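Report on the structure given below.
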Amino acid sequence: MPQPPQRPSPGWLPAGACVPATVLCMLWLVARLATQAAPAAEPPPATVIDFDVSRPQETLHVRLLDPPEATRAAQPWLLLTFSTDRQTSLTGEPYCGPGYQFLRAGHRVASFDLPAHGDRIDARGKGIDGLRERFLANDDPFVRFCGDGSAVIDELIRRNFAVEGRIAVVGVSRAGYCATRLLAADRRIAGGAALAPVTDWRVLSEFAEVRTRDDVARLALEQFAPALAGRPLYMAMGNRDQRVGTDALLRFGASLCVAEEQARVERSRLKLLVVDDSPGHTLQDRWRDAGGEFLLQLAR
């Protein structure tokens, strides 16, 4: 009767030794865990402060993280950080990275939900689909977001949590677009960072059926380049991001260079990175951290 084939043995076992399947599974699991990234760093200590801001037809819920007085900077900055909803933006991996950098440096961090996200989901849908439906219903969510951001800044200044000119903004993907629009709209913000950002909504599959509309074309960040000329702005994306369009980001970068030339800007403050280690719609943590550091340099 033929014998069943033996599994190959690891080098530290005698030749021909058979390793039970359960042991092999355990060895594979140990090796797998050993190759995984180290656990995320503990959140920096901070006091959570929630407050509301009245807006047309709704109330915005805002969350602020305030570092302990013992570690707070002498002249603290405020970082407005966005991804989807405020909780994910402030503490969700990997979106929380720049906020944690600011907290560790003694600065404050705040966020609120994007339209069609978190507490702001309604019958028109959620996420990018919800943003599209609001836009098509003549309730432009991006104009609304900019008004929201300015109103929140007003309240943070009133509460002595922010100072004009010592405010930065960061956003990821769809929120990278929103953050850049807010930077263009409010001169009290000193600089911004957009991580793998949407720059032209016509690229996204959710806008496929309406991408030929003129009003959708006018949403492209290229249209806002004049308002961003000379402003400190960090942008990073993988070199083949087909989800939001590396080519669209490069078109925006070129349009900003033209706007700065027309405005006779002596020193461009744009830092645009197209990186080769972030496949698809991803971005390695080091480029996220570099965006946070770019904004922290403004505070030094």
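Any read-out appearing in this document is the output of simple, stated calculations on the displayed coordinates, not a laboratory observation. Predicted, not measured: the structure shown is a model, and the values here were computed from it. Quick reminder, even Gly has a Cβ in these numbers, built from the backbone with ideal geometry, and neighbours come from all protein chains shown.
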Quiz item: What number, in percent, do you get for the relative contact order of segment 191-299 if the mean sequence gap of Cα pairs under 8 Å and at least 6 apart is divided by its residue count?
Solution: 36 percent
Quiz prompt | HN-Hα J in Hz across segment 231-243 - Karplus 6.51, -1.76, 1.60, θ = phi - 60°, x for Gly and Pro | solution = 7, x, 8, 9, 9, 9, 7, x, 7, 8, 8, 7, 5
Self-check item: Computed lengthening from Ala254 to Asn138, 0.36 nm per intervening residue step minus Cα-Cα distance
Solution: 38.8 nm
Quiz item: Which angle from 0 to 90°, rounded to the nearest 10, does the C-alpha axis of helix 141-158 make with the longest principal axis of the chain?
Solution: 80 degrees
Practice problem: Taking just the C-alpha trace of segment 48-298, give me its Rg and Dmax in Å. | Solution: 17.0, 55
Quiz item: Against the longest principal axis of the chain, how steep is helix 127-136, in degrees 0 to 90 to the nearest 10, with axes from Cα atoms?
Solution: 30 degrees
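So, by mean Cβ neighbours within 10 angstrom, what's the order for 72-81, 274-283 with the highest one leading?
On the way: 72-81: 19.4, 274-283: 14.8.
Per-residue mean Cβ counts within 10 Å order the peptides as 72-81, 274-283.
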Quiz item: In whole angstrom, how far apart do the alpha carbon centroids of segment 179-214 and segment 222-300 sit?
Solution: 12 Å
Exercise. Scan around Met235 for amide H atoms under 5 Å from its own, H built in the peptide plane at 1.01 Å from N, and keep only partners 5 or more places away or cross-chain.
Key: Ala194, Lys271, Leu272, Leu273
Exercise. Could you work out the relative contact order of segment 48-298, using alpha carbon pairs under 8 angstrom and six or more residues apart, expressed as a whole percent?
Key: 17 percent
Exercise. Kindly list the residues of segment 96-134 that lie in the label zone of Arg188, defined by a backbone N under 16 Å from the point 7 Å along the Cα-to-C-beta vector.
Key: 108-112
Quiz item: Once you charge only the Cβ atoms, +1 for Lys and Arg and -1 for Asp and Glu, what is the size of the charge dipole of segment 48-298 about its Cα centre, to the nearest 20 debye?
Solution: 440 debye
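Given charges of +1 on the Cβ of Lys and Arg and -1 on the Cβ of Asp and Glu, with all other atoms neutral, how large is the dipole of segment 173-230 about its Cα centre, in debye to the nearest 20? Walk me through the numbers before you get to the answer.
Details: 8 positive and 7 negative charges, 38 e Å.
Around 180 debye, computed over segment 173-230.
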